[in-house]
Amino acid sequence: MASKAATELKRESRAVTRLIEAGSSTECSVCEKVLKFRARQRDYQIICNVYDDGDWVRVEHFHDECYLDAEQPFGPPVD
Ligand SMILES: [Zn+2]
């Protein structure tokens with residue numbers, strides 16, 4: 001039986017939801033459009049840390065709708 005600590009040490013790809021920040025010039029991995037900050041609009045992005053076999057590979061960014069359209073490739077985002 002695996003201990004809780006061992007489970008937490010296992011590094012897997014994960015997704016978080018974040019507000020798009022002013023000055024952002026990151027592109028969405030799905031539609032390749034910039035995740036554009038709009039004043040007075042609270043737009044969200046999904047940021048995924050991608051791990052391959054426990055090793056960190058890259059960060060990917062998505063529009064929240066694009067991430068849903070892609071069927072949440074890195075799992076459901078957490079806040
Ligand atoms: Zn997009």
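Grab the DSSP H runs of the chain that are 4 residues or longer, score each as -39,500 (n - 2.57), total them, divide by all residues and round the 222 nm result to the nearest 500 deg cm²/dmol. It would help to have the intermediate numbers written out before the result.
Details: 2 runs with 12 residues, N = 79.
-3500 deg cm²/dmol, from helical runs alone.
The calculated FRET efficiency for Glu12 paired with Phe37, based on their beta-carbon distance and R0 = 25 Å, is about 0.25.
For the chain, what % of the accessible area comes from carbon and sulfur atoms, probe 1.4 Å?
Working: 2960 of 6070 Å².
Taking all protein chains in place, the chain shows 49 percent carbon and sulfur surface.
A 1.4 Å probe run over the protein chains yields, for the chain, 77 Å² of accessible area per residue, whole-number rounding.
Hey, what did the chain get for relative contact order, percent, Cα under 8 Å, at least 6 apart? Each step should come with its number before you reach the end.
Working: 134 pairs, mean separation 27.7, N = 79.
The value is 35 percent.
3J(HN,Hα) along the range 51-57: 10, 10, 6, x, 9, 5, 10 Hz, from the Karplus curve 6.51 cos²θ - 1.76 cosθ + 1.60 with θ = phi - 60°, whole Hz, x for Gly and Pro. Which of Cys31, Cys66, Cys48 moves the most in a Gaussian network model of the chain with Cα springs under 10 Å? For the chain, modelled as a Gaussian network with Cα springs under 10 Å, the answer is Cys31. Loop by DSSP (not H, G, I, E, B), at most 10 other beta-carbon atoms within 10 Å: where is the longest site-free stretch of the chain for trypsin sites (Lys or Arg not before Pro)? The segment 43-79 is the longest one with no such site.
The values are calculated or read from the model by the stated rules, or taken from the named source; none is laboratory data. Everything quoted here is computed from the prediction, not taken from an experiment. Neighbour counts run over all protein chains shown; Cβ positions are idealised from the backbone, glycine included. Note: areas computed on protein heavy atoms with side chains; ligands, DNA, RNA excluded. Shrake-Rupley method; radii C 1.70, N 1.55, O 1.52, S 1.80 Å.
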